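Quick one: the structure is below, questions incoming.
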Amino acid sequence: MESLKSIGKILLVMYAMTAILLFLLALLVQRLGIESGGISVGICIVYVISCFVGGFFAGKVQKSKKFIWGILMGMMYVIIMLVITLVAKHGFHATVSDFITNLLLCLGSGMIGGMLS
């Protein structure tokens with residue numbers, strides 16, 4: 001039960017970090033006039049940072065099989081993001097290759113965060 005509470009708290013931290021970083025990205029876009037390609041790269045960087053931090057914290061809390069916990073945090077991040085997208089947009093409007101790229105980025109950065117914890 002304690003693990004579930006910890007995972008929930010870590011997910012909240014991940015999404016709070018995502019919100020803050022996306023806000024900062026929006027400010028950069030407004031100030032610097034970044035084009036759409038740069039925005040996509042910025043969003044991917046936000047995902048990577050958030051999942052890395054989540055994997056790092058999960059590894060610190062769990063203390064064994066840290067890389068698996070990092071992967072699980074990345075997977076839960078993607079699943080929640082997918083559910084939010086499906087509800088908000090009434091369907092899946094991204095390309096499959098974009099989704100797979102984001103999935104792999106989140107899984108990999110979560111795993112690395114767990115390994116480095």
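The values are calculated or read from the model by the stated rules, or taken from the named source; none is laboratory data. Please read these numbers as outputs of a predicted model, since none were measured by experiment. Reconstructed Cβ throughout: ideal geometry from the backbone, glycine too, with neighbour counts over all protein chains shown.
Tell me which of these GLY54 doesn't satisfy, since it passes every other one: (1) more than 11 Å from the chain's Cα centre (by Cα); (2) crowded, with 21+ Cβ neighbours inside 10 Å.
(1) is the only condition that GLY54 fails.
Can you go through SER64, SER109 and tell me which one is touching a residue at least 60 places away in the same chain (Cβ under 8 Å) and either surrounded by 13 or more Cβ atoms within 10 Å (Cβ to Cβ) or not aromatic (Phe, Trp, Tyr) (or both)?
Every option except SER109 fails the conditions.
Tell me the residue from SER6, SER36 that is over 15 Å from LEU105 (Cα atoms), polar (S, T, N, Q) and touching a residue at least 40 places away in the same chain (Cβ under 8 Å), please.
SER6
Here is a check on your reading of the model: is SER50 polar (S, T, N, Q) and either under 14 Å from SER117 (Cβ atoms) or at pLDDT below 90 (or both)?
It is false that SER50 is polar (S, T, N, Q) and either under 14 Å from SER117 (Cβ atoms) or at pLDDT below 90 (or both).
If you don't mind, another one. Check LEU86, LEU104, LEU72, LEU82 and return the single one that is closer than 12 Å to LEU11 by Cβ and more than 10 Å from the chain's Cα centre (by Cα).
It is LEU72.
Next question. Which residue out of PHE23, PHE99 is among the aromatic types (Phe, Trp, Tyr), out of contact with any Ser or Thr (no Cβ under 9 Å at 6 or more places or on another chain) and at pLDDT below 95?
Checking each option against the conditions leaves just PHE99.
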